[in-house]
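Report on one structure; see the data block that follows.
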Protein chains: 2
Amino acid sequence: MNEFELINRLTRSLPVNKSVVVGAGDDCAVLDVGLPDRLLLFKTDAVVEGIHFTSAAAPEKIGHKALARCLSDIAAMAGTPTAALVTLALPNNFDPNLVESIYSGMSGLARRHEVAIVGGETTSNPERILISIALIGWVPRGKGVLRSGAEVGDAIFVSGELGGSLAGRHLEFEPRLAEGRWLAQHFSIHAMIDVSDGLAGDLRHILRASRVGAELLATAIPISREVRKAAKAESSNKPPLLAALTDGEDFELLFTVASRDAVPLLDAWRKQFPNLPLNCVGKITASDGVTIRDKDGVRPLTAHGYVHFQ
Amino acid sequence: MNEFELINRLTRSLPVNKSVVVGAGDDCAVLDVGLPDRLLLFKTDAVVEGIHFTSAAAPEKIGHKALARCLSDIAAMAGTPTAALVTLALPNNFDPNLVESIYSGMSGLARRHEVAIVGGETTSNPERILISIALIGWVPRGKGVLRSGAEVGDAIFVSGELGGSLAGRHLEFEPRLAEGRWLAQHFSIHAMIDVSDGLAGDLRHILRASRVGAELLATAIPISREVRKAAKAESSNKPPLLAALTDGEDFELLFTVASRDAVPLLDAWRKQFPNLPLNCVGKITASDGVTIRDKDGVRPLTAHGYVHFQ
């Protein structure tokens, strides 16, 4: 049983109440708290030593990553984060300076996005550091973007470049908060997710939620400098395209819009965010699953994104 | 460096924003989200296998405890919980049925208190199960109770009976949500906390936040049946009074009110909650620290509550 099968099993019959707009299964939970203009976003995310970072990683970057992952989920809903709680589970012999550095990395990122850190707790986890972040934020009513709105014919876009994040970017990425909000303010974004498991895996989350398929264009997938370098140095056996599709931890925005919006969106994006690439990587189809088109034709994409617990 | 010293060091200069009413250092964070009638409560709490429960504990009870601890913090603010996120960190060889049973224990408790479980995540923690709960709730403006409001002369009350929780109650306790709300609705509660580290330890949190001292009355401390049994069977070396003061994980409410309210409150409580004892265990003083009065006179109470990381 992998992570997603387990989650499906657990979320079949969760308790709900009338405040729940979106429960388990999207980037954040969405709650109606009675404010006329906005909805509350609620999210948790954890990073674990040896899995999401190594003990050799700079502690400031560990803290940065822990919070940035959670902020990225708010970005994928086109929301604005407001307050975070930090759970630090630590071995008994922890170094207080290391913990202070973790907090320093989190606090720097939080300040840049005007997120308050309003507490949390420390507890024991004898074998390894685990950091869980709980985050709340806001999205204007009618402007939140779910995974479930993709429509047949939509253009599929992804920000940035993909793959090779483990070379360093996974510890340093900036969550695409301004970009996510700008998109929802200026265009009708049908579906959006942040790329944490790899484009192939996260696109499938959109397709499943929207009950559609997709065709990707191989030559349009933006392959990162790190992947190209690794390919040149022959330090990886993974073909560059596969790395871009499946490496994971890119934390870019993957979204769909009606095809008529594709060109105006690209033009406006390039003016607004001249330093961040945006690529149309394919289209939403009525068929099941994902196909990829290259010079040899169209084939099913069988390579999944990274799945925990396999 | 123990847990509290670390927290003091970490919380010195956390990022804030204008929504923060109460940040780190109370039972929950309190946020003003622009609703005229209420404030948002925000809390996380984690339980770890081998520390907060053993691998022999029934998984339903583990789930119950994980959520109940967090609900107890909402109770201590006189609040009402509304939605929870669940982070499950699991060894790779976990049994899906065990995980489903943990969820079942949480869900049962959540339903009884009309708390929605709106998602969360699973991740890896190879050596042991860790469950972190993030919870939001509400408190009417002007009715929230902090740790910092105790005044010299206040009567100190505690609900229930204390000590011996490890014999089983720590896995089964019911968070005192109705009691906390009722108290704040009917009386001016000056300060409140839930007893998680033992009365001696948690009373000190109130005293520190309120810059006051306290005198406890030894004969008034409600000692649990489990502690009395252990003392009779000579299965514990801890004197019963010390066990009641320091065992921890009682999850009862500890609060202070003006002395003139003490008798009316006791009378009204006994009508409202006839099956739950309430005891006046002492008074708030102007001196530093905690003293305890018994038949031999007044002595400083040096026994601290349970402190993690010592």
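The values are calculated or read from the model by the stated rules, or taken from the named source; none is laboratory data. Nothing here was measured: the structure is a model prediction, and the numbers come from that model. Counting neighbours? That spans all protein chains shown, and the Cβs are built from the backbone with ideal geometry, glycine included.
Numbers for the structure displayed
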{"quantity": "Matching strands (runs of 3 or more DSSP E) fully within the range A:7-85 where at least 3 residues are in contact (Cβ under 8 Å) with a residue 24 or more places away in the chain and crowded, with 23+ Cβ neighbours inside 10 Å", "calculated": "A:38-48"}
{"quantity": "Residues of the range A:97-120 that turn out to be under 23 Å from B:GLY50 (Cβ atoms) and either within 7 Å of chain B (Cβ to nearest Cβ) or of a type in the set (Gly, Ala, Ser) (or both), as a count", "calculated": "2"}
{"quantity": "Options A:VAL212, A:VAL195; residue that is touching a residue at least 12 places away in the same chain (Cβ under 8 Å) and over 23 Å from B:GLU121 (Cα atoms)", "calculated": "A:VAL212"}
{"quantity": "Residue in the range B:289-301 that is out of contact with any Cys (no Cβ under 6 Å at 6 or more places or on another chain), at pLDDT 95 or above and either crowded, with 18+ Cβ neighbours inside 10 Å or over 13 Å from B:LEU203 (Cα atoms) (or both) present", "calculated": "no"}
{"quantity": "Selection from the range A:246-266 of residues that are touching a strand residue (DSSP E or B) at 6+ places or on another chain (Cβ under 8 Å) and among the hydrophobic types (A, V, I, L, M, F, W, C)", "calculated": "A:PHE251, A:LEU253, A:LEU254, A:PHE255, A:VAL257, A:ALA258, A:ALA262, A:LEU265, A:LEU266"}
{"quantity": "Residue within the range A:262-272 that is buried (at least 18 other Cβ atoms within 10 Å of the Cβ) and more than 21 Å from the chain's Cα centre (by Cα) present", "calculated": "yes"}
{"quantity": "Search result, residues across the range A:199-250 that are crowded, with 23+ Cβ neighbours inside 10 Å and among the basic types (Lys, Arg)", "calculated": "none"}
{"quantity": "Selection status of A:ASP32, in contact with a helix residue (DSSP H, G or I) (Cβ under 9 Å, 6 or more places away or on another chain), in the same structural domain as A:GLY120 (by TED's automatic domain parsing) and of a type in the set (Asp, Glu)", "calculated": "no"}
{"quantity": "Residue within the range B:160-171 that is within 18 Å of the chain's Cα centre (by Cα), basic (Lys, Arg) and either crowded, with 24+ Cβ neighbours inside 10 Å or at pLDDT below 95 (or both) present", "calculated": "yes"}
{"quantity": "Qualifying residues in the range B:124-144 (those that are within 7 Å of chain A (Cβ to nearest Cβ) and surrounded by 22 or more Cβ atoms within 10 Å (Cβ to Cβ)) - the one nearest to A:LEU41 (Cα to Cα)", "calculated": "B:ILE136"}
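For every residue, the table says whether it meets (1) closer than 18 Å to A:LEU85 by Cα; (2) within 11 Å of chain A (Cβ to nearest Cβ); (3) among the aromatic types (Phe, Trp, Tyr); (4) under 20 Å from the mean Cα position of the chain (by Cα).
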| position | (1), (2), (3), (4) |
| --- | --- |
| B:ARG9 | yes, yes, no, no |
| B:PRO15 | yes, yes, no, no |
| B:PRO36 | no, yes, no, no |
| B:ASP45 | yes, yes, no, yes |
| B:SER55 | no, no, no, no |
| B:CYS70 | yes, yes, no, yes |
